[in-house]
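No value in this document is a laboratory result; all are computed from the given coordinates. Quick caveat: nothing in here was measured; it's all calculated off a predicted structure. In this analysis, Cβ positions are derived from the backbone assuming ideal geometry, glycine residues included, and neighbour counts consider all displayed protein chains.
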Amino acid sequence: MAAAGRVKKSLFYSRVYALVAQIPPGRVATYGQIALLAGHPRAARQVGYAMSGASADQRLPCHRVVNRLGGLAPSHAFGGYEVQRAMLEREGVTFLENGRVCLRLHLWREYDEAVAKLPPPSAHEVDQVLGHGDEQA
């Protein structure tokens, strides 16, 4: 991966992790919602990659991120579907008969402060994202 690609990815992942860290107990956010708030509305799949790449010592509430229909993560995440469901239920999240989270009740909507708390990118990161600094000498 080119240097600019790594900077873009690390900046995006940093923003994703900062947002996910702020999802309160009893609420969930969708992959697409996190992508939109991180500034890349068509990057829901990349949010999933970021979640799967998060280290345990980051202590992120990754279990609070669900798909656009309220569906839980794939079975390989969290040690199984039932584990994520149990984690959410302990926080008071309720589920519909089809096993999906009731988004009407639990979707995180109070995120204006979370977006405002995102760290601004450094000048170097901005240059890399905009393609400056990649010129050959």
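The figures follow:
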| item | result |
| --- | --- |
| Theoretical gain in end-to-end length, Ser75 to Ala116 [0.36 nm per residue, Cα-Cα removed] | 11.4 nm |
| Whole-Hz couplings from phi, Karplus 6.51/-1.76/1.60, listed for the stretch 84-90; x for Gly and Pro | 4, 4, 5, 4, 5, 4, 4 |
| Positive minus negative residues near Pro74 (Lys, Arg vs Asp, Glu; Cβ under 15 Å) | +3 |
| Ala43 long-range amide H proximity, modeled H, under 5 Å | none |
| Other-chain or far-sequence residues with amide H under 5 Å of Ala29's (modelled H) | Val65, Val66, Trp108 |
| Nonlocal amide H pairs with Gly71, under 5 Å, H built at 1.01 Å | Val101 |
